[in-house]
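**Student:** Dumping the structure here so I can ask a few things about it.
The values are calculated or read from the model by the stated rules, or taken from the named source; none is laboratory data. Model, not experiment: these values are computed from the prediction. Heads up: the accessible areas ignore ligands, DNA and RNA and are worked out on the full protein's heavy atoms, side chains in. Shrake-Rupley method; radii C 1.70, N 1.55, O 1.52, S 1.80 Å.
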Amino acid sequence: MTSALLPGAEPYAADGGRTGVLLSHGFTGSPASMTPWAQHLAGRGHTVRVPRLPGHGTTWQDMNTTRWQDWYSEVDTALTELQRTCDRVVVAGLSMGGCLALRLAEQRPDDVAALVLVNPAVSVKRFDVKLVPALQLVIPSMPGIGNDIKKPGQDEVGYDRTPLKALASQLKMWRDVRSGLDRVTAPLLFFRSEDDHVVDETSQTIILDGVSSPVKKLVTLRDSFHVATLDHDAPLIFDRSAAFIDEHVGAGRG
């Protein structure tokens, strides 16, 4: 039986104009990390959705029963639902949410009008992560990666433990997404924190070198850690992403 939902981990939805925006939170996080951004875009007139990925927002034990296909199915369904009322849909993601966004752009290139990624993850150099396929058979979890936020008083409503069966599944998704990056053709806005204690610089190089997008814009975040959507640079992310959507996809109203 699934555990009770943590306060603040609720999905977010707002109906607006004919441009939709789908935002995906990261591994062991929750919609709380994306809701302020979503609210900003909704205020610009967009139709916005922030789904809660399966296994998230309850307990890490719940998450250990889910796999990457479950998380991807959630955003895939949300994209299809947005298409019913929107002429075009932008997909945005934080960390693993960025990996899910990339996979949507790989699998459904005609349905993703633009991509906005914040510290996306498709690889890490950490040695202990490379051991996860073996470790998952021995121990259920290791210390968490949540709330890597420079700004005081912020909470992404994530887990304090990393469920290893789920993490091992994420590693498989990373390989899948890396192998198909050349199929990504959507305009891409990429935000990268200078000081990120969760995702190292390897993902940036792999993604920007791998995608076929004719438009690739990199914005460096100088005053935020990993969960930059709740950090000091959040207003910059909100404003630049809204302008990018207006330029490459369309304004919210009408």
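**Student:** Could you check what % of the DSSP bridge pairs in region 1-150 are antiparallel, to the nearest 5?
**Tutor:** Counting DSSP beta bridges with both partners in region 1-150, the antiparallel share is about 20 percent.
**Student:** If I compute solvent accessible area with a 1.4 Å probe over the protein chains, what percent of it on region 43-183 is carbon and sulfur?
**Tutor:** 49 percent
**Student:** Please report the orientation-averaged projected area of region 124-240, defined via the convex hull of its C-alpha atoms, in nm².
**Tutor:** Mean shadow area of the hull around the Cα atoms is 7.9 nm².
**Student:** What pairs in 125/216; 130/150; 151/172 have C-alpha atoms more than 29 Å from each other?
**Tutor:** Working: 125/216 24 Å; 130/150 27 Å; 151/172 32 Å.
Checking Cα-Cα distances, 151/172 exceed 29 Å.
**Student:** Using amide H atoms built 1.01 Å from N in the peptide plane, name the residues 5+ places from residue 200, or on other chains, whose amide H lies under 5 Å from its own.
**Tutor:** For residue 200, the qualifying residues are 125.
**Student:** Pick from 96, 142, 34: which is most flexible by mean-square fluctuation in a GNM of the chain where alpha carbon atoms under 10 Å apart are linked?
**Tutor:** Among 96, 142, 34, the largest mean-square fluctuation in the Gaussian network model of the chain belongs to 142.
**Student:** Let me ask something else about it. Among DSSP beta bridges whose residues both lie in the chain, state the antiparallel percentage, nearest 5. Don't skip to the end; give the middle numbers.
**Tutor:** On the way: 6 of 30 bridges.
DSSP beta bridges in the chain are roughly 20 percent antiparallel.
**Student:** For the chain, set up a GNM with springs between Cα atoms under 10 Å and report which of 201, 81, 106 has the largest fluctuation.
**Tutor:** 81
**Student:** Suppose all protein chains stay in the model; what accessible area per residue would a 1.4 Å probe give for the chain, in Å²?
**Tutor:** On a per-residue basis, 40 Å².
**Student:** Give me the percent relative contact order of region 12-249, please, defined on Cα pairs under 8 angstrom at least 6 residues apart.
**Tutor:** Worked out over region 12-249, it gives 22 percent.
**Student:** So if I average 1/r over every pair of distinct C-alpha atoms in region 191-245 and take the inverse, what Kirkwood radius in Å does that give?
**Tutor:** This gives a value of 12.0 Å.
**Student:** Quick check on the chain: what are the equivalent-ellipsoid semi-axes from the Cα gyration tensor, as sqrt(5λ), descending, whole Å?
**Tutor:** 26, 19, 18
**Student:** A further question on this structure: Report the Cα-based extents of region 78-154 along its three principal axes, largest first, to the nearest Å.
**Tutor:** 47, 34, 21
**Student:** Also, I was wondering about something else. Which Rg and Dmax, in Å, describe the Cα atoms of region 176-222?
**Tutor:** According to the Cα coordinates of region 176-222, Rg and Dmax are 11.2, 31 Å.
**Student:** To make sure I understand the rule: partners must be lysines, Cα under 22 Å from the Cα of residue 217, and not fewer than 8 residues away in the same chain. Which ones qualify?
**Tutor:** By straight Cα distance, residue 217 reaches no lysines at all.
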